[in-house]
Amino acid sequence: MSVISSVLLLAQEQAPLPVPSDTKVQAPSLGAVWPVLIVLGAACLGVLLEALLPRHLRWSTQVVLSLLAVVGAGIALVAYVSDAPAAGELAMKGTLAIDRPGLFLWGTLLALALGAVLLIADRSVEPGGAFVASAAIRPGTLQDRAQVTSTGMQTEVFPLTLFALGGMMTFCVANDLLTMFVALEVLSLPLYLMCGLARRRRLLSQESAVKYFLLGAFASAFFLYGVALLYGYAGSVRLSDISSAAAGTDRSDTLLFAGMGLLVIGLLFKASVGPFHTWTPDVYQGAPTPVTAFMAACTKVAAFGGILRVLQVAFESTQWEWRGVLWGVAIVSMVIGAVLGLTQTDVKRMIAYSSVAHAGFLLIGSIALTEKGLSGTLFYLLTYGFTTLAAFGVISLVRDSSGEATHLSQWAGLAKRSPLLAGVFTFLLLALAGIPLTSGFVGKFVVFEAAIADGMAPLVVVALIASAVAAFFYLRVIVLMYFSEPAADGPTVTVPGAFTTAAITLGVLVTLLLGLAPAFALDWAGSGAFAIH
């Protein structure tokens, strides 16, 4: 707490920064931040509704409110983009930098959040929904066994989702490290709670929540200590001020690189980049699958949005000092994800290690501090998010008497039970593997092309080898579904409701569309650079 207090006191002493003549500060107008305000306002309204509405009205009201909030924020974003200045602008007293990459990340987050909310709201795949009827119920008790068959649902999950989404959107456009830290906590704390709300396998769910919370607290401490050291170096927590100090000062670089190292560790943890990934397999497996989909898609986008902004705005001038270290981190992440993914027998854990490997690929694009590197990474985040969201939607449909059947042996012969589901999952796995005619192939291609153009050919060679290794465990599942006989007492495929069907369809269509015609998304991703104010 003393560190937090000292950082806040120091930040209050900063003199206002001069604003360039071509920069507009959004003081009277809130047009630039309406999408965030709509999401956070709906989250606050959702909390009030939980307190005021009778229980039987809460689910329907919260679903409508959440969907309206996401759609309304999307409409506000589209309305603003047409008039947004190419150089970006500051908002909220200069704490937020609304620029083209930030707007692209907002659009990606809102589109992914729409699919995630649909998965969270579904009550047909699991009767009553994937979430416990009351979070206060102790695992293993009579009440716990009774709630499995009840139709009740912990509807606080909807405002928690909106709070997390609002934190992610703020995190992507934060113009100083204190705002980024606050946004990091706003997006993290709801996720810690949501991970422990699974209706079934309550102990595993609560264990995942505790692990995520404890490790996330350590990561936040690293982040905050890094902020304190960088303030000591630059006398400011503004990203542009840190960049100016790093580019031309006679101060010792010890505080700069120590602070940067601690700061980046906190960011890499949230992005599940190896070796800071240890929470990822356990949390992905234990959390309710809709929450896993939300985390895997949206948190990855927000985390890498923050990484890109920090590296390109604050530390670009010192890239020769830290670039080699992040080369090593990217290689470690790709190797861990590809090799340990081969050993997994649980589908959700396999996708978790897949995300660690993909985080390594994304980090390659983040290190390439060029226009192609930025646009390629943004496009990769878009493609990966929709593919992963749809994949977890499919995983939630294979069930047995104890709930989701995620062990690989239970997926044997799935194509004979449900050819359509097996075909959809095969397509999504091929996209994760980067096979042509899918968005995954285009995403990897643009990132690797940017890395080669920036002189990182050896790193791309390692990435290609890791991709080939990772393709094995994707193909293993495909072979298991099509060329094995289903067990007589094997799991069944649940017919999805309208919400889950819509979410999976959205993910599959975007994965296919971005694989066949990616030009529009690539043009938008490359429409501008980060605003440096």
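Given the condition farther than 24 Å from Gly286 by Cβ, surrounded by 22 or more Cβ atoms within 10 Å (Cβ to Cβ) and touching a Cys at 6+ places or on another chain (Cβ under 7 Å), answer yes or no: does some residue in the range 98-105 qualify?
yes
For the range 407-445, how many residues meet the condition of being over 22 Å from Phe520 (Cβ atoms) and over 22 Å from the mean Cα position of the chain (by Cα)?
19
So if I check each of Ala198, Ala183, Ala174, which one is without any contact (Cβ under 8 Å) to a residue 40 or more places away in the chain and touching a strand residue (DSSP E or B) at 6+ places or on another chain (Cβ under 8 Å)?
Result of the check over Ala198, Ala183, Ala174: Ala183.
Could you list, in sequence order, the residues of the range 398-424 that are modelled with pLDDT under 85 and farther than 16 Å from Gly286 by Cα?
Asp400, Ser401
Going through Gly507, Gly490 one at a time, which residue ends up being over 30 Å from Ala245 (Cα atoms) and part of a helix (DSSP H, G or I)?
Gly507 is the lone residue from the list that is over 30 Å from Ala245 (Cα atoms) and part of a helix (DSSP H, G or I).
Does the range 496-518 hold any residues that are modelled with pLDDT of 90 or more and of a type in the set (Gly, Ala, Ser), and which are they?
Ala498, Ala502, Ala503, Gly507, Gly515, Ala517
Look through the range 90-149, keep the residues that are in a helix (DSSP H, G or I) and aromatic (Phe, Trp, Tyr), and return whichever of them is farthest from Ala296 (Cα to Cα).
Restricting to residues being in a helix (DSSP H, G or I) and aromatic (Phe, Trp, Tyr), the top hit is Phe104.
Report yes if some residue within the range 458-476 is polar (S, T, N, Q), within 28 Å of Val125 (Cβ to Cβ) and not in a loop (DSSP other than H, G, I, E, B); otherwise report no.
For the range 458-476, residues polar (S, T, N, Q), within 28 Å of Val125 (Cβ to Cβ) and not in a loop (DSSP other than H, G, I, E, B): absent.
Conditions first: (1) in contact (Cβ under 8 Å) with a residue 40 or more places away in the chain; (2) among the hydrophobic types (A, V, I, L, M, F, W, C); (3) assigned to a helix (DSSP H, G or I). Trp320 passes all but one, so which condition is the exception?
In the conditions (1) in contact (Cβ under 8 Å) with a residue 40 or more places away in the chain; (2) among the hydrophobic types (A, V, I, L, M, F, W, C); (3) assigned to a helix (DSSP H, G or I), Trp320 misses (1) alone.
When the range 294-349 is examined, which residues are found to be of a type in the set (Gly, Ala, Ser) and in contact with a Leu (Cβ under 7 Å, 6 or more places away or on another chain)?
Ala297, Ala302, Ala303, Gly305, Gly306, Ala314, Ala330, Ser333
In the range 504-518, is there at least one residue being surrounded by fewer than 22 Cβ atoms within 10 Å (Cβ to Cβ), of a type outside the set (Ser, Thr, Tyr) and farther than 21 Å from Gly115 by Cα?
Yes: the range 504-518 contains one or more residues that are surrounded by fewer than 22 Cβ atoms within 10 Å (Cβ to Cβ), of a type outside the set (Ser, Thr, Tyr) and farther than 21 Å from Gly115 by Cα.
Find the residue count for the range 478-500, including only residues that are surrounded by fewer than 16 Cβ atoms within 10 Å (Cβ to Cβ), closer than 30 Å to Leu67 by Cβ and β-branched (Val, Ile, Thr).
Total meeting the criteria: 2.
The values are calculated or read from the model by the stated rules, or taken from the named source; none is laboratory data. What you are looking at is a predicted structure, and each value in this text was computed from that prediction instead of being measured. Counting neighbours? That spans all protein chains shown, and the Cβs are built from the backbone with ideal geometry, glycine included.
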